[in-house]
Each structure stands twice: as C-alpha cells, then as structure tokens.
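Note sheet for the following structure.
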Amino acid sequence: MINLATSVFSNNKFIIFGGGFSGDYFAKSIRKLGCKALTSSRSEKNDPDSFIFDSENNSMPDSEVFKGVTHILSCIPPDKNGKDPVLKSFKNTIRDLPIKWIGYLSTTGVYGNTNGNWVSENDKPNPFQERSHRRLNCENEWINSKLPVQIFRLPGIYGPGRSSLEAIKSKRVKIIHKNNQIFSRIHVADITNAIIYLLKNQNKLDFHQIINIADDKPCSQLEVIKYAYKILGLQMPKPILFEEAKKDLSPIAQSFWIENRKVSNKLLCNQLGYKLIYKNYKLGLDNCLANIK
Ligand SMILES: NC(=O)c1ccc[n+]([C@@H]2O[C@H](COP(=O)([O-])OP(=O)(O)OC[C@H]3O[C@@H](n4cnc5c(N)ncnc54)[C@H](OP(=O)(O)O)[C@@H]3O)[C@@H](O)[C@H]2O)c1
C-alpha cells in the first residue's frame, strides 16, 4: 500500500457517496493518508464520519457535510430510471463547491457481450442488459455535467469478506461450468490503490476520462472456485453444466452468464504505469484467505 501522505490527501476533503464495499475500503485507505473523508449510507451508522443519504426516500444530508469538499467518489448504482442518484440530488450543490476531482465507479457491463474477446476504453459501449443501459446513461450524465469527472469501469469486485471463499463457507457457491466462458475481476484494494495512484500523479499523467480497472487474468469462474476450494483445503463437488444449472438461477444470476468478455487494463497498467497489487485471482484469494475471520 501507499504509505506516504501527499498533499492531495492531507489538504483536501473527500465525500464518498455510497460507503459500501468499495467506497468504505477507499475511505479507510485515504484516512490513513491523513485525509478527511466522509461516507454516505442509507441507514444510521455509529461513525462520526458517516452521514445518511438515500435518494429513494429523500433522506438528505445536512449542508454542513459539503463544507470545504474538494473531491468526490461516487459508488452508488443508477436508480431504476437510469438516473444518477448523486447528480439528481446534488448537481447544483456540487457546482458551487471548490471541486477539483470526481471519481465515478461504473461497470464493464457497458461494453456488452464480446463473445470472449478483449474490450478496452477505445471500444464503443454496446450495452445489452437493461442495467447496463442505465449505467451508460449515468456515465453520460456525469460527462455532460462538465464537472471534472473520471469514470472507472469495473468488472466483478472481490476482496476480504466478499469472495468465493465466503461463498463456499456459507454454502452459497454455485459450481457451474460453461464452455469458453470468461469473466474479468478486480480486487477491491486495487480499485482504491489505482485511484490513489492516479490522484497522486495527476500532474504528471495524461488525463483519461474513462479508465478500466481490471486484473491481468480474466478466466472462468470455475477456475477461481477450484482454487478457492484448494486453499480452503476442501474437496470441490462436481460442477453442473450451465444449461442444467440455469433453471435454478435467479434472473439476475442468469444474466451474468449471458455476457462473455475480457477487460483490458493496458491503459491503466501499461500507459499510465499503475502496478497491480493482485495481478490475478490466486494472489487476490490468498489475501482474502489471510484476512478471513
Ligand atoms: N459488486 C460488483 O462486482 C461490481 C462490479 C462492477 C461495478 N460495480 C459498481 O461499482 C459501485 C461500487 O460497487 P460495490 O460492490 O462496492 O457497491 P456496494 O457495496 O453495493 O455499495 C453501494 C453503495 O451505494 C449505496 N446506495 C445504493 N442505493 C442507494 C440510493 N438509492 N441512495 C443512496 N445510496 C445508495 C449503498 O448504501 P448502503 O451502504 O446503505 O447499502 C452502498 O453504500 C456500484 O455502483 C456497483 O454497482 C459493482
């Protein structure tokens, strides 16, 4: 991890909208660098740096929360109409702030299905799922806002507390085989660390408005689950063929298996020089195992 406090973190104030898995990890990391970081959630938390925001029931924070805010990271998904909850509620408030940077966590779902081929930021989005259309709409809302926004497109996020290890332990794991089906993924620490890297080096690096954050090794979900069983020292049950398994999957779970793509990280890792902490799922899962409670 980066352990040098730099002025971008010590002299600024961040709001992280959506202090869920990725947002909370980011907030905790930048606080360690000396930064003031507030997180939102939909329910009351026993944390003085957390405030309530729920776009669905109009629970709005006090204006005090926005005082002196220079940076924002939004981790809240689109609403059911494809509108961005943060822009819908706070566009004018944000415009009045001395805002220097906004990060928006998006998904690689906006690329749609590529039948297993690579996708990069140069490819035109081609969303297939309804939720990916909503996501692309939010990306466009942020771009059209003319605020200084940077969009991070993410594949499946995992990390300590949310990985195949927990799925196996809680017996929620689905051991499914589908021929030639590839997924990309990213460890939560690399989302945070990549953003910290870009912010620390923003004066040296070319600005890119859209950046994929993915690891080096897209592969089948089965390969990951096999490894998770191995490091847990457990015997993996026989996989079920997707065609058989799908009748028992929820519509949302089925929809994940419709798309097949490999997400390129060349812009982030080759061009911009970010070095992944967890280059592949093995390193990432080893870390999750070390942190298992
Ligand atoms: N999970 C993945 O594999 C994945 C992959 C690619 C992209 N993404 C996207 O990347 C972002 C971060 O992912 P994540 O998995 O870290 O998210 P997460 O853990 O699900 O957290 C989402 C956050 O958004 C807040 N939120 C949701 N609806 C809201 C609303 N209507 N009003 C206000 N707050 C609301 C949640 O509040 P509470 O804390 O109260 O629940 C939570 O803090 C999300 O936009 C997600 O869709 C996720």
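Read the figures in this text as sums done on the coordinates, not as results from a lab. The structure displayed is predicted, hence computed values, not measured ones. Methodologically, a virtual Cβ is constructed for each residue, glycine included, from the backbone with ideal geometry; neighbour enumeration extends over all protein chains shown.
The phi-based Karplus calculation (6.51 cos²θ - 1.76 cosθ + 1.60; θ = phi - 60°) puts the 3J(HN,Hα) values of the stretch 124-138 at 6, x, 9, x, 10, 6, 3, 5, 6, 5, 4, 5, 5, 4, 5 Hz, whole numbers, x for Gly and Pro. Taking all Cα pairs closer than 8 Å and separated by 6 or more residues, the relative contact order of the chain comes to 18 percent.
Using 0.36 nm per residue, how much length does the chain from residue 203 to residue 241 gain when fully extended, once their Cα-Cα distance is taken away? Please report the intermediate quantities before stating the final value.
On the way: separation 38, 0.36 × 38 = 13.68 nm, distance 5.01 nm.
Working it through step by step, the gained length comes to 8.7 nm.
Would you mind checking the pairs 13/88; 36/124; 67/200 and listing those with alpha carbons more than 30 angstrom apart? Beyond 30 Å: 36/124. Take the Cα of residue 28, go 7 Å toward its beta carbon, and the backbone nitrogen atoms of the stretch 162-201 under 15 Å from that spot belong to 162-163, 188-193. For the chain, the gyration tensor built on C-alpha atoms gives a prolate shape. Its axis ratio a/c (a ≥ b ≥ c) is at least 1.5, and a/b is the larger of a/b and b/c. In this rough spin-label picture, where each label sits 7 Å from Cα along the Cβ direction, the residue 93-residue 174 distance is 3.8 nm. For residue 13, nonlocal amide neighbours, meaning residues 5 or more places apart or on other chains whose placed amide H falls under 5 Å from its own, are 70, 71.
I want the antiparallel fraction of DSSP beta bridges within the stretch 1-146, as a percent rounded to 5.
Working: 1 of 16 bridges.
Rounded to the nearest five, the antiparallel share is 5 percent.
Coupling constants for the stretch 241-249 follow from the phi torsions by the Karplus curve (6.51 cos²θ - 1.76 cosθ + 1.60, θ = phi - 60°), and in residue order they are 5, 3, 4, 7, 6, 5, 5, 9, 8 Hz; glycine and proline get x. Among beta bridges identified by DSSP and lying wholly in the chain, the antiparallel ones come to about 10 percent.
Using helices alone, what [θ] at 222 nm do you get for the chain, with -39,500 (n - 2.57) per DSSP H run of 4 or more residues, divided over all residues and rounded to the nearest 500? Provide the component values of the computation, followed by the final result.
Numbers: 10 runs with 93 residues, N = 293.
Helix-only estimate at 222 nm: -9000 deg cm²/dmol.
Cβ crowding within 10 Å, taken as a proxy for footprinting-reagent exposure, orders 100, 13 from fewest neighbours to most as 100, 13. Across the stretch 54-100, Cα-Cα pairs more than 18 Å apart make up 29 percent of the total.
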